[in-house]
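Taking it in order: structure first as structure tokens, then the write-up.
Please treat every number below as a calculation from the coordinates, not as lab data. It should be emphasised that the depicted structure is a prediction, and the values quoted were computed from it without experimental measurement. Cβ sites come from the backbone with ideal geometry, for glycine too, and all protein chains shown count toward neighbours.
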Amino acid sequence: MRLAGDTNEILPGQFVNIRIEGLFLRRPISVCDAQEGLLTIIYKVVGVGTESMTHLLAGQKVDMLTVLGTGYNIANAGENPLLVGGGVGVPPMYMLARQLREAGKAVRVILGFNTKDEVFYEEEFRTLGCDVTVTTVDGSHGVKGFVTNALDGQQSYYYTCGPLPMIKALLQAAGTHGEVSMEERMGCGFGACMGCTIQTTQGPKRVCKEGPVFDAAILQF
Amino acid sequence: MRLAGDTNEILPGQFVNIRIEGLFLRRPISVCDAQEGLLTIIYKVVGVGTESMTHLLAGQKVDMLTVLGTGYNIANAGENPLLVGGGVGVPPMYMLARQLREAGKAVRVILGFNTKDEVFYEEEFRTLGCDVTVTTVDGSHGVKGFVTNALDGQQSYYYTCGPLPMIKALLQAAGTHGEVSMEERMGCGFGACMGCTIQTTQGPKRVCKEGPVFDAAILQF
Amino acid sequence: MSDKKAMNDKLQIQLSGITLANPIIPASGTYGFGDEFAELYDINCLGGISFKGTTREARYGNPLPRIAECGNYGMINAVGLQNPGVEHVIAHELPRLKSHYNGCIVANVSGFSVQDYVETCAMLDKEPIDILEVNISCPNVHNGGMAFGTSPEAAAEVTAAVKAVTTKPVYMKLSPNVTDIVAIAKACEAAGADGLCLINTVLGMRIDIRRRLPVIANRYGGYSGSGIFPLALRMVNQVARATSLPIIGCGGVSSAEDVIEMMMAGATAVEIGAANLTNPMVAKEIIDRLPTLMDELKIEKLTDIIGIVNHE
Amino acid sequence: MSDKKAMNDKLQIQLSGITLANPIIPASGTYGFGDEFAELYDINCLGGISFKGTTREARYGNPLPRIAECGNYGMINAVGLQNPGVEHVIAHELPRLKSHYNGCIVANVSGFSVQDYVETCAMLDKEPIDILEVNISCPNVHNGGMAFGTSPEAAAEVTAAVKAVTTKPVYMKLSPNVTDIVAIAKACEAAGADGLCLINTVLGMRIDIRRRLPVIANRYGGYSGSGIFPLALRMVNQVARATSLPIIGCGGVSSAEDVIEMMMAGATAVEIGAANLTNPMVAKEIIDRLPTLMDELKIEKLTDIIGIVNHE
């Protein structure tokens, strides 16, 4: 879904919180890309919220809070950063990859999916000039197995977003020299309700405010 | 408001119950006219329900229960029936007047309003060939005073709909040889919840089911 | 196994040895004696019908207005148990209901004294009804049923007194307007109740800010509709975990999804209340939708999910 | 009389001798310490701010998920009083709040023992806060506040103990999860409370029918949002008629119309809770809308309508 509006200040890894008619809580969706007044989000239909988002019409106005949360810090990238996206964690990697490429970095991207039919955005990343590896659990496309099967340990730093099991495996294999985007059920999405607070080595942190992106070194599982 | 749909079996004095987006209860509105698949209702904006009805767009589908309640019995009319409508009680008189005229009756109509600006449907009744008298409380149009000031006692029978004070005054002045449409806050509108039951000389009666039209002789005030 | 038979196994549930074709029961006071709905669809599709709350003597009920709206999530009613009295119900309404409905008939009974409950239930004991639903939770009558539903001792007293005069399964209908629903449920169980029905309406209020008066003449009334579902679900779950009685879950149920959620919380059957008043077809629509929804959720038989969130 | 002065008289209310520019107070736990909202608008428009529930020691709170949605009418939370502890609040959050807010500061305090309440309130007594809001109704902590809020004796004990260690006005925040809210309100009044705040959240539950588990890790949580408004309004009205204490009305308020309705029921001030979480601008929008709405309703001063439905 693409939306027109003020995209200034939106950083990679941040999210928007969308009001949906007939539902009490807003729905947080990670930003896939934002530039020149155009916001791109990619969502998977998992419940009533995302389901009713599919009924939005082209041209319809949407009540949305933007510039939410703390995104990725590209200053930590080093010369050859690694981006690892798993399933619904792939979209936020796109804006990050674009900005890192614009900054002249050699960007390697690993995209993990369950099977060939789920693969998306592989070409978009290539077009940015990234070195892209796709992994599928069933081996129907790219490397067979998990994103960790495609690691070479050569990255200067890593950025990741994906399901918790993938993130745990990645930290095991690649250490904590990187940044991780966490996902939790949210109430307000802007830091007021404490509904999404996780424990870290630096105390409680709100996924919607101090996060969703955290230094891998402070996470506790 | 005019609506297309099945208008068979709809009798004068009956009502429809309209579902309004964003409100729990339906809104009962008396039928002004119904013939050849076209339903006409006239409503006054008094609350959130009627207010949001003004936002309905031409061509929009409406979830509505019809053929509700017990209407007027034209068999009781006699040769020169009198129809008395006060304010929002005027619309249901129209379909009744039309059918009585079609049955060849000499129909006298008294329409009561507070002031000239509120007067409506006077011409429509004349076009049906009714003998129409309009009364206004402030005398700005027609006879000054209340509908009772226009009575001549010559009617064979009367049919009325309007605010409770008007109905009480009419029964005082014209006796109980007639039929009265009562108004009460309803729950379901089709007889299930007992939310609108009034006491009568013949026991409890549901305004939405045995009514809204009752024999004037059984009403208790 | 025939499709018909398969469908039976899929939706069928049991209440105290009585088989219901499905768990859907219109709640008392929202369905009259079925006449108005029978004009719209064949009410034999219903698992059961809980008929209009009946008292020893005929009652007109409360003054008007009796109804207030609560946004898009509910309504308040203060009808006050209008009914023709048990003798008239036995002579007219019940035979008429039996003549066009062959499912489970739940007789909802209210009273103002233990003696009231006893006499009314004793008279119904000889009639063709399947379950006695004893309402000790009506919020709309002064020193009425609700008093019995707010103290474990009083609830137990009514339960025992009614059990003594009937052979029908006795289900006590509980009030949500209490500090400890579990204590009351356990008291009913100890006193011999065969099952429980919860929740009745939540005591609520609305004010007409233009007229500066309470909307309903009775000032307060019973709040029902979607807005009470989270409270109903919690109480059904608490009671399901604390007693071994079958529960008829009630309160804000308006979709097949709500029915599944209520059963997962611990209900064996589910009553549909206020939703009948805004969509007279809703009970039938829910029954028609259940098999498809069950397939989506990989539920083979409804009996498989009763209280499933309580199996740790 | 200047327009400014006129506007003041129009919206101004008093709580225990403290003047609030208007009756609007964001409810504790839905507004943090105001920082997130101060980024969006000048929070000095608020009559008061009830800050995040504070306890003697720092608390992380309950496991995740802590939030469940209830249709379009509400939500359930089981945050469990996450807060940095009173010492940290006094050292950091309170000074920061004072630095950008000059209205009425309501300090919301929770505890797990009478001693907890006493120590926390005693420490806050020396701080620049205006009202102590003593929460004896949090449904989300085991043997936590709610136990105190469900018995008149315990509620009175906490009230008296807190009054003994502070000179600040003490407002007791009451739980709706009780049989008799009036008995608890009267007990607080007799024990010396200066005012009451009601209602806190309603204990509720939702189940994820796909995962077949309670939505929130804590199983039950506090239900808030529009769906609890009819219940809150009834309890505020019952308490307003039975006690002479000023009431801060709370529960499902999400519009200026709701504020007027809550005040007509008997509230002197009104807290906005869950609505802040879905529309961060709602408190300001309500304050901006009130004067127009009052003109429509021919209300000259808000103080004229407090408890107006109770004047027979």
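Normalise the Debye intensity by I(0) for segment C:174-241, one equal point scatterer per Cα, no solvent, then take log10 at q = 0.22, 0.24, 0.29 Å⁻¹ and round to two decimals. Results for segment C:174-241 at q = 0.22, 0.24, 0.29 Å⁻¹ read -0.92, -1.01, -1.25.
The modelled label-to-label distance for the pair D:Ser244/B:Glu21, using points 7 Å beyond Cα in the direction of Cβ, is 5.2 nm. Sorted from nearest, the other copies put their A:Gly47 label points 3.4 nm away, the label point being 7 Å from Cα in the direction of Cβ.
Hey, what's the per residue convex hull volume over the C-alpha atoms of segment A:73-128, in cubic angstrom? Can you show the working numbers first?
Values: hull volume 3.9 nm³, N = 56.
Dividing the Cα hull volume of segment A:73-128 by its residues yields 70 Å³.
Could you pull out the pairs from D:Lys52/D:Lys163; B:Lys105/B:Lys209; A:Lys44/A:Lys105 whose alpha carbons sit more than 26 Å apart here?
Numbers: D:Lys52/D:Lys163 21 Å; B:Lys105/B:Lys209 28 Å; A:Lys44/A:Lys105 30 Å.
Beyond 26 Å: B:Lys105/B:Lys209; A:Lys44/A:Lys105.
Taking one quarter of the surface of the convex hull spanned by the alpha-carbon atoms of segment B:1-105 gives a direction-averaged projected area of 6.9 nm².
If eta is 1.002 mPa s and T is 20 °C, what Stokes-Einstein diffusion coefficient results for segment A:74-179, Kirkwood Rh from Cα pairs, in µm²/s? Once the numbers are plugged in, D ends up at 160 µm²/s.
What the Cα atoms of the protein assembly as shown give is an Rg and a Dmax of 31.8, 105 Å. Please report the net charge: other residues with Cβ closer than 14 Å to the Cβ of B:Leu96, K and R +1, D and E -1. After counting each charged neighbour, the total is 0.
For segment A:7-68, calculate the relative contact order in percent as a whole number, restricting contacts to Cα pairs under 8 Å that are 6 or more residues apart. Relative contact order for segment A:7-68 comes out at 41 percent. Only DSSP H runs of four or more residues enter the estimate; each adds -39500 (n - 2.57), and after division by the residues of chain D the mean residue ellipticity at 222 nm equals -9000 deg cm²/dmol. Note on chain B: Cα convex hull, mean projected area over all directions, 11.9 nm².
Relative to the longest principal axis of the Cα atoms of chain B, the long axis of helix B:164-174 lies at roughly 30 degrees.
With R₀ fixed at 56 Å, the C-beta to C-beta distance from B:Val48 to B:Ala106 puts the FRET efficiency at about 0.85.
Provide the FRET efficiency to the nearest 0.05 for the D:Ala122-D:Leu293 pair, computing r from the beta carbons and using R0 = 45 Å. The formula returns an efficiency of 0.60 here.
Convert 4 °C to kelvin, take the viscosity as 1.567 mPa s, use the Kirkwood radius over C-alpha pairs of segment D:95-186 as Rh, and evaluate the Stokes-Einstein diffusion coefficient in µm²/s, rounded to a whole number.
Values: Rh = 13.5 Å.
Stokes-Einstein gives a translational diffusion coefficient of 96 µm²/s.
Listed by chain and number, the aspartates and glutamates whose C-alpha is less than 12 Å from the C-alpha of D:Lys168, apart from same-chain residues fewer than 8 away, are D:Asp125, D:Glu127, D:Asp130, D:Glu133, D:Asp194. Against the empirical curve 2.2 N^0.38 Å, the C-alpha radius of gyration of segment B:7-68 lands at a ratio of 1.09. Copy-to-copy label distances for D:Leu40, where each label lies 7 Å from Cα along Cα-to-Cβ, are 4.0 nm in order of increasing length. Here's the picture: a label point sits 7 Å out from the Cα of B:Asn76 along the beta-carbon direction, and within segment B:141-172 the residues with their amide nitrogen under 17 Å of it are B:155-162, B:167-172.
This model, with +1 at the C-beta of Lys and Arg and -1 at the C-beta of Asp and Glu, gives segment A:74-179 a dipole about its Cα centre of some 140 debye.
222 nm [θ] for chain B, helices only, -39500 (n - 2.57) per DSSP H run of 4+, per residue, to 500?
Values: 4 runs with 35 residues, N = 221.
The helix-only estimate for chain B comes to -4500 deg cm²/dmol at 222 nm.
Relative to the longest principal axis of the Cα atoms of chain B, the long axis of helix B:91-102 lies at roughly 60 degrees.
Here D:Lys284 is the anchor, and the aspartates and glutamates within straight C-alpha reach of less than 17 Å, apart from those fewer than 8 places off in the same chain, are D:Asp35, D:Glu36, D:Glu39, D:Asp42, D:Glu257, D:Asp258, D:Glu271. Of C:Cys250, C:Ser175, C:Ala283, whose Cα points farthest to the positive end of the dipole of chain C (charges on the beta-carbon: +1 Lys, Arg; -1 Asp, Glu; origin at the Cα centre)? Result: C:Ser175, furthest along the dipole toward the positive end.
Translational diffusion coefficient of segment C:3-307 at 25 °C, 0.890 mPa s, Stokes-Einstein with Kirkwood Rh over Cα pairs, in µm²/s as a whole number. Mind showing how you got there, number by number?
Numbers: Rh = 19.0 Å.
Diffusion coefficient, whole number: 129 µm²/s.
Set the Förster radius R0 to 30 Å, insert the Cβ-Cβ distance between A:Met1 and B:Arg2 as r into 1/(1 + (r/R0)^6), and round the FRET efficiency to 0.05.
Numbers: r = 38 Å, r/R0 = 1.28.
Plugging the Cβ-Cβ distance into 1/(1 + (r/R0)^6) gives 0.20.
Label-to-label distance for D:Ser16 and B:Leu56 is 5.3 nm, based on points extended 7 Å past Cα in the beta-carbon direction.
How would you classify segment D:35-108 from its alpha-carbon gyration tensor, with a ≥ b ≥ c the square roots of the eigenvalues: rounded for a/c under 1.5, else prolate if a/b is greater than b/c, otherwise oblate? It is oblate, given that a/c is not under 1.5 and a/b is not larger than b/c. Listed by chain and number, the aspartates and glutamates placed with their C-alpha closer than 13 angstrom to that of C:Lys10 are C:Asp288, C:Asp295, C:Glu300, C:Asp304; residues fewer than eight positions away on the same chain are left out.
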